[in-house]
Structures are given as structure tokens and as C-alpha cells.
Amino acid sequence: MSSSAYRNGNHRTATRTYGSGFKPPSFKSRLQPSPSHGTGDVRRSSPASLGGAFKDSDGVPGRVRVAVRLRPRNSEEMVADADFADCVELQPEVKRLKLRKNNWDADTYEFDEVLTEYASQKRVYEVVAKPVVESVLDGYNGTVMAYGQTGTGKTFTLGRLGDEDTADRGIMVRAMEDIFADVDLGSDSITVSYLQIYMETIQDLLDPINDNISIVEDPKTGDVSLPGATLVDIRDQQSFLELLRLGEAHRIAANTKLNTESSRSHALLMVHVKRSVAGEDAFSTENGNTSHLVKPSRPLVRKSKLVVVDLAGSERIHKSGIEGHTLEEAKSINLSLSALGKCINALAENSAHVPVRDSKLTRLLKDSFGGTARTSLIVTIGPSPRHRGETSSTILFGQRAMKVENMLKIKEEFDYKSLSRKLEIQLDKLIAENERLQKSFEDEIDRINAESQSRILEVERNFAEALEKEKLKCQMEYMKSVKELEEKMVSNQTRNQRDDLVDVKHISEGIGASVSSEVSELRMLLNNEIARRKAAEDEINLLESQLAQYRHPEADGDTAIFRLQKNLEEEIRQKKKYEEEVLVLRSQLVQMNIEADQTRRCLERGESGDAFTLNMLMAQSRNMQLRENGNGQKPSIAALSEQVGLHKIMSLLESEDATVRIHAVKVVANLAAEEVNQAKIVEAGGLTSLLMLLRRYEDETVRRVAAGAIANLAMNEVNQELIMVQGGIGLLSVTAANAEDPQTLRMVAGAIANLCGNDKLQMKLRTEGGIKALLGTVRCGHPDVLSQVARGIANFAKCESRLASQGIRSGRSLLIEDGALPWIVHNANDESAPIRRHIELALCHLAQHEVNAKDMVSGGALWELVRISRDCTREDIRNLARKTLSSSPTFRAELRRLRVDY
Ligand code: ADP
Ligand code: MG
């Protein structure tokens, strides 16, 4: 920019340093809306501001821009000034204006823009107002003001609506078009007030009743506002145009009423632009990290104001020829304008005092000159040399205004309302989110709780099961060890006893020989003594009887008679006996004759008697068995009897010939195996004969077979009683005691076992040593024998139980009395199922009676019962054991004592 010293050209701009983004010489420059400009932006001087309150340097220097616009000659001038040249000559390319003083002299002025009479409204807007509008949109205050003589085109420049010709649209219309194009009506707002100042009164052009609006000044900031002015929210261009029309109409009406012209009043259009801008993140931390929250951007609101001022005509009063007003009124009319001139002078000259408060206008334009607003002034001039003076003063006003330095500041403040609203929304969102999270958290907690509960339950269940198993195992082991200990104790006792016996036996063996000889000697002596004593007694008796005879001679006859009678009786008895014997012998003779005949016949056929008969019988028996197997015919003892005679068979049992006896007994045993034969055999005296065999014969085979036959016969209840009556128990016991062959023992045990099942014979069986005999058979250890013993015990226990429950018998079991319990307990868990089953049953029967409980506990039977109740494969036995255990107080007490849960 040239710094040549034109007249009045105070080119402060020429020496100025501008910051980046700032292009001071041009109206087109647009400020960067950064509040923190400052690098290199040194404010050279600090001219007093119109407001005076602006002191800080947080702004951008911005001199008041001044353009000059020349109105084309109007029709009147065309005529009146036809012979004269214009008083001004414009040099727009160098932005200079020459004001002719006369034909040969002119003053040259430099302006920021020089707009010729040909300048279009569009161009005028773009060079004068557009940069200000853009600043306003960026958040700065802006002022566009037209100054000039009445009729030079101020209103034309600013307020033309362009109704007829769009190209005529003035700055107000075009400014609002640009504003609407830039703002977002969703978030931004535009409000407009339209006022006029006339005779120091502020009138509302949008509401004429409101004709005395007062200026309010913020004591802190010094900002002025017009709270009484109507503010119209403008949403579109059309409403704005209507608003301008309305304002203009009101202006005309008001001026008519006041008897003035519009040129006497100042019109001020105030456009308030409020824009929301996203500020810095209010929640950022120092190092730039942001929290996890969704943060609202810092809501900033930029409030800016565009003031378009259409000043009253600048001509002097006297010249304008005001009518109907006093001088005082005239002074008042132009007070604001002269005050503005004074302020601008003061600002231009950096005066200490700027008389802002002198007028309403200067108070309202406080920010526009020397304040924070971006200000453009357009001075309008006419071409007529007749108004050269006014034109000159207008030019000088413009020149002075060019010296006014503003410090542009963005008006940015927090939009607390919107921030609060946003925060509220965000808070609500967060509350809802929090509630959702809380809910899901609680649900999760509940779910975890439920899961843990079920896990705990499962673990507890598993634990309880494991514990139960472990407990059971321990109990079993405990019971087992107790049992073992008890067994050990019993065996120890037994061994001790045996040891004692062995000791005794050893001693006796050692002295056996001498003792026996002594015994025989003693026996002899004893016999001698007895004989002698008997002789002495006989002698005494004899002497006594002789003495009696001597003492009582008369009793002799009676005694002899008595003796004779005795003898007679004896003789009679003897006779009877002999007669019987004779009878027997006779029958035997007959029998023998028959036998002799048979023998003879047999001999004639070359075979021996008994053996032949026997063989024949056996053959027949076998044949019959074969037949039975072959054609189902039952063998019949009748058939045999018919052929041989059952009595004959029975008699063979007593044959002298051992072989015959053996065969005979086998035949009988064979026959006795058939139930149908049993009664007949007994009837024929077979049972007696068999018992006799047991009694008489040493031969083990005979005894075995006989015992077998007896066992078979003993299946029948009647026979059982017969066996008992005939001393069978004793015989079987003796046999049991003597036998060595396990099969013999098995037969004997089987026979006794059968007898054990008879209720009526219980006592007798026991008294005659049956139980002991049965138990004695176990010595051979053969499982068959043990099985029979177990069966016998079970039978016996069952009978006892039955009798006890019928109330027929009471008291301890005879089995226990006879010492069967140790064996029972010992074999209760025998590998052989039949043995185990019989014993388990026997134990259950015994346990049913409380009277046995104590012995069973001490005998270790309780453990077996517990085992049976748990392990037995037969459910009925298991249940019986369980029932017994739980019903017996003794058992329960013992189990409690041993801490075994049952
Ligand atoms: P002011 O407001 O300064 O008193 P106006 O704007 O009313 O002056 O203008 C006075 C007359 O001059 C109006 O008729 C207007 O149309 C006309 N006029 C002003 N400036 C121009 C211009 N640049 N071009 C054409 N006519 C103009
Ligand atoms: Mg006007």
C-alpha cells in the first residue's frame, strides 16, 4: 500500500503490521474466527475507543473501513449542472477521489474503496458490507453505516428492497441473504429489531407504540442493549423483507406524525445472530486423554450483531431548510449526528475523551467506533458542484473515520442453557444406561448366585454321598475288625482251653499206663470189697432172719406160705414166658422151614438163598425203575411185596450175612426214597429194622445207607415221631459221633435236619442231643454236610420262632443254648449260597426274639444281620433283617453304642 502523503490521507495503514489471515487494506478480508490471534498482531497505538471500556488486547485490530460512493446525476442535476463538471473526480483503480476546489485545483483523498456512479449495488455490497457480514457470521459484531447528505443515496445503498429490479437490492437485503445462506436455523437464531432515533428518542419501527426505548448499559462490560425494543425472530428472507417494509411504513407514518422527513432521523437495523459452535472438549484431561464417557462438546454460543445504520442527512440544518421546527428542535434533531462527528474526531485523534454519552446514537454505536465491531462506513456523495461544501465535509468525515481503530473481538460465551440441556439429556441417557447396567448386573449376580447355589448343592450332595459311602465303608470295616477281634478272642479262648486239655491229655498219657494198672487193681480190690460186703450183708440178713425166727416162732408158717406163694407166682410167670417162647420158636420154625424150602429151591437152582433173594429184589427194583423211566409206570412196593414180601425184605436187614444186609439196606433205602413206599416200609417194620442196623452194626456202609433211608423216611411227620419214639435221635447221634465218612455224616445230618423241622419234637430232639449231634457233624467240613447242618439249624430256628410267636414256647433259643451260635456266625457269610441262605434265614428267625438278642450281640451275630440287611441278594431276607434290626431295642442300643447309624 502506498504511503504517499496525500492531503488528508492519513495512511496509518501503510506502516502497519498485520497478522496472518488479516488483510487490512481490503474490505474483502475476512477475519479468522480465532479468539487467540496475536502472533505478530501488535496494536501499534491504542486509540481511545468509542466505548472507552475496551482495554484488553485479546482481539484483532480492525480499522474502520471507509468507502465513498458517488451518486449519478439525477435528472435535476442533469439540467441544473449541465454546464458544470462534477465536483469530484474518482480514480477507483487507485482508490482515490479528487475534490475539485476550482477548475485548476483539487484535493485528493484516498479511501478504502471508491465506488463510482456506475458501481452496481452488488459490487457495493460485496466491497463494503460483505466482509462485515462474514465477520458477523464468524461471531464478531459488525456495523455498516451510511453517511452523507440527504439525497446522496444512503437509503438507496442500504435499504433498497429491489422489488422492481432485483439488481437494486441494497445492503440490508443482501446481508440477510448471506446470513440465511450461512446459518443453520436448527441451531442458530436470527432476531431483528428496527429502530429509529429522532430528536434523541428511540422509536421502535416494528412497534410504533413503543416510541421511547431506553438504552441499558451493563455496568460491568459497558455493553449497551435495548431491552424495550421488539425483537423479531426471522426464519426466512421473505419475512425479513416484510419486516423491512413494515419498518419503512412505520418510519414514514412516524415521520408524518412528527412532521419530519426520514432524512432527519437515523434508522438502525439490528440483526442479532446467535450461533452454536462446537467448542473444545470440556472433559479432556490434561494429556489429551478422554474419559470413557460420551462427552458433550463444549457448547459455545457466539452472539454477534450486525448494525446497519442509515444516518440522517449530514447537511447543515440551515441549508436543508427545515420547516416547522424551532432552532432548538433542529439542534436536537442533529445532536446525534454532531455527537458522532465529535466522537469520530476524538477517536481519530486518539483523544483521551470520547464523548460517547452525548447522544443516543453514539451510545448505541459505542461498539462500532473504537469498539470491538468490524465497521464499514460508506460515505455517499452527490456529483453536484452546488453541494461541494457538503460533499467536502462528508469526505472529511470519511477520512476521519478511517483513522478509527477498532479491536475486533469475538463474542463467544458458553451456552449454559444448551449445555445444561445437553448435559441433562446425557445425564438421562446415563441414568437409563446405568439402570440398564444395574439391572443386568443384578441379573448377572442373581444368575451367578443361582449357579453357585446349585453348584454348592451339587457339591454338598456329592460330599454327602461320598461321606455316606465312606461312613458305610468305615462301618463295615469297623464291624469287620470288631468281628475279627471277637473271632480272635474266641479262638484264643478256644486255644487256651485246648491247650489246657492238651496239657491234661499229655499228663494223662504219661501216667496212663500206671494208672490203668492201678485202676484195675483198685477195681479188683473194690470188687473184692463189694463181694465181701455183700457176703457180710447176706450173713447179717441170715442172722437177722434166724433171730427173727427165734424171736417169733409163730410167724414161721406165714413166712413159708408167703414164700410158696412167691415161688408159685414166679413159676406161673416163667411158664407164661416159656409158652411165649415156644410160640416164637414155633413161628420161627415155620419161618425157617419156609426159608429152608426157599433155600433148597435156590440151591436146587445152584444159588444161595438170601443173596439170591436180594439180587432178585434188586434186579426187580432196578427193572421197575427202568420201566418207570421208560413208560412212566410207577414202581410199586405192592408188586415187590407180592413177589417177595416186604417183611421178608425187612428180615433180610437182620441177616447174619453182611453182604446180604448191605444189599437189603440199599434196597430199602432205594424204596424209602419213594414217598409212596415210605408208609409201607414203616408199616412193615422197616424203620425199626433200619434203626436196629444203626444200633448193631459197625459197618460204615450199612450205617450210611441206613441213615440215608432213615433221612428219607424222616421227611414224613408221622415217621419223624416214630423215629423219635424208637430212640432214633440217640442212634443218629451215636452214628454221627462215630462216623468218619462225610456221606454218612451227610445222611445223618440230613435226617436230623428233617427232624428239626417238626414243631412237636423240638424239646425232645434237643434233650436227646440232636442239636449237638448235628453240630458235631460239621467237623468233617464237607460242604454237603455243612449244607445239611445249616438247613437243620434254619428248620429248627424257624420252628422255634413259630412256636415263640404262637406263645407256645419262650426263653432263649435251644440252638443258642446248645452252642450253635458261633458256628452260625462263623458260616453266615459262607461262599456256598445254600449254606449262606439257610444261615441267614436262621439268623433272622433267631433275631426276631428279643430274648436271643443279647447272645446274638455278644456272639457277633449283629454284624451278620447288618450285613444281611445290606448285602443279601434276597429281598425278603434283607427286609426281614432290616425289620428285625430296627425293632429290637437291644440291637438298636448296640448299634448306637457302636455309633453305627441304622
Ligand atoms: P438519501 O437517503 O441519502 O437521502 P436517497 O437514497 O433517498 O438519498 O436517494 C435520493 C435519490 O437518489 C433517490 O431517488 C435515489 O433513487 C437516487 N439515487 C441515489 N443513489 C443513486 C444511485 N447510485 N444510482 C441511481 N439513483 C440513485
Ligand atoms: Mg434516506
| said: Given the options Ser801, Ser813, Ser787, name the one that is crowded, with 17+ Cβ neighbours inside 10 Å and in contact with a Pro (Cβ under 7 Å, 6 or more places away or on another chain). | reply: Ser787
| message | Please verify whether Gly170 is within 16 Å of ligand 2 (Cβ to nearest atom), among the small types (Gly, Ala, Ser) and touching a helix residue (DSSP H, G or I) at 6+ places or on another chain (Cβ under 7 Å), treating the condition exactly as stated. | response | yes
| field | Pick from the stretch 734-745, criterion within 14 Å of Ile771 (Cα to Cα) and surrounded by fewer than 24 Cβ atoms within 10 Å (Cβ to Cβ), ranking: farthest from the chain's Cα centre (by Cα) | value | Val734
| Failed item in (1) modelled with pLDDT of 90 or more; (2) in contact with a Ser or Thr (Cβ under 8 Å, 6 or more places away or on another chain); (3) not β-branched (Val, Ile, Thr), with Ser832 passing the rest | (1)
| request: Tell me which of these Ser214 doesn't satisfy, since it passes every other one: (1) touching a strand residue (DSSP E or B) at 6+ places or on another chain (Cβ under 9 Å); (2) within 16 Å of ligand 2 (Cβ to nearest atom). | output: (2)
| note | In the stretch 550-563, anything open to solvent by 90 Å² or more (accessible area, probe 1.4 Å) and at pLDDT below 80 is listed as Tyr550, Arg551, His552, Glu554, Asp558
| request: Would you tally the residues in the stretch 141-161 being more than 9 Å from ligand 1 (Cβ to nearest atom), open to solvent by 10 Å² or more (accessible area, probe 1.4 Å) and more than 16 Å from Leu70 (Cα to Cα)? | output: 2
| task | Go through the stretch 776-812 and give me each residue that's assigned to a loop (DSSP other than H, G, I, E, B) and among the basic types (Lys, Arg). | result | Arg809, Arg812
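Yes or no, residue by residue, for (1) at pLDDT 95 or above; (2) within 16 Å of ligand 2 (Cβ to nearest atom); (3) among the β-branched types (Val, Ile, Thr):
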{"residue": "Asn74", "(1), (2), (3)": "no, yes, no"}
{"residue": "Asp83", "(1), (2), (3)": "no, no, no"}
{"residue": "Trp104", "(1), (2), (3)": "no, no, no"}
{"residue": "Tyr109", "(1), (2), (3)": "yes, no, no"}
{"residue": "Val132", "(1), (2), (3)": "yes, no, yes"}
{"residue": "Asp138", "(1), (2), (3)": "no, no, no"}
| Of these, Glu93, Glu89, which one is free of Cβ contacts under 8 Å to residues at least 24 places away in the same chain, more than 19 Å from Glu390 (Cα to Cα) and away from ligand 2 (no atom under 16 Å from the Cβ)? | Glu93
| message | Looking at the structure I just gave you, is Phe397 open to solvent by less than 10 Å² (accessible area, probe 1.4 Å), modelled with pLDDT of 90 or more and in a loop (DSSP other than H, G, I, E, B)? | response | no
| Do any residues in the stretch 433-452 that are of a type outside the set (D, E, K, R) have Cβ atoms under 6 Å from those of residues that are surrounded by 10 or more Cβ atoms within 10 Å (Cβ to Cβ) and at pLDDT 90 or above, where the two are at least six apart or on different chains, and which pairs are they? | none
| message | Scan the stretch 742-754 and tell me whether some residue there is closer than 21 Å to His849 by Cβ, modelled with pLDDT of 90 or more and in contact with a Cys (Cβ under 9 Å, 6 or more places away or on another chain). | response | no
| Being aliphatic (A, V, I, L, M), at pLDDT below 95 and within 16 Å of ligand 2 (Cβ to nearest atom), is that true of even one residue in the stretch 183-198? | yes
| Among the residues of the stretch 69-101, which ones are open to solvent by less than 70 Å² (accessible area, probe 1.4 Å), of a type outside the set (D, E, K, R) and within 12 Å of ligand 1 (Cβ to nearest atom)? | Leu70, Pro72, Asn74
| message | Quick check on the stretch 104-126: of everything there that is assigned to a helix (DSSP H, G or I) and either surrounded by fewer than 22 Cβ atoms within 10 Å (Cβ to Cβ) or among the polar types (S, T, N, Q) (or both), which residue is farthest from ligand 1 (Cβ to nearest atom)? | response | Glu126
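For (1) surrounded by fewer than 24 Cβ atoms within 10 Å (Cβ to Cβ); (2) in contact with a Lys or Arg (Cβ under 8 Å, 6 or more places away or on another chain); (3) part of a helix (DSSP H, G or I), each residue gets a yes or a no:
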site: Gly708; (1), (2), (3): no, no, yes
site: Gly730; (1), (2), (3): yes, no, yes
site: Met747; (1), (2), (3): no, yes, yes
site: Leu765; (1), (2), (3): no, no, yes
| task | Output the residue which, of all residues in the stretch 336-391 that are open to solvent by 10 Å² or more (accessible area, probe 1.4 Å) and acidic (Asp, Glu), is farthest from Val216 (Cα to Cα). | result | Glu349
| field | Close pairs (7 angstrom Cβ cut-off, 6 or more residues apart or separate chains): within 13 Å of Ser384 (Cα to Cα) and more than 9 Å from ligand 2 (Cβ to nearest atom) in the stretch 148-162, among the hydroxyl-bearing types (Ser, Thr, Tyr) and assigned to a helix (DSSP H, G or I) anywhere | value | Gln149/Thr394
| message | Anything in the stretch 294-342 that is under 60 Å from the mean Cα position of the chain (by Cα) and at pLDDT 80 or above? List them, or say none. | response | Leu300, Val301, Arg302, Lys303
| Among Val851, Val866, Val825, which is out of contact with any helix residue (DSSP H, G or I) (no Cβ under 6 Å at 6 or more places or on another chain) and crowded, with 20+ Cβ neighbours inside 10 Å? | Val866
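The values are calculated or read from the model by the stated rules, or taken from the named source; none is laboratory data. Treat the numbers as computed from the prediction; the structure is a model and nothing was measured. Glycine gets a Cβ as well: all are built from the backbone with ideal geometry, and neighbour counts include every protein chain shown. For accessibility, only protein heavy atoms count, side chains too; no ligands or nucleic acids. Shrake-Rupley method; radii C 1.70, N 1.55, O 1.52, S 1.80 Å.
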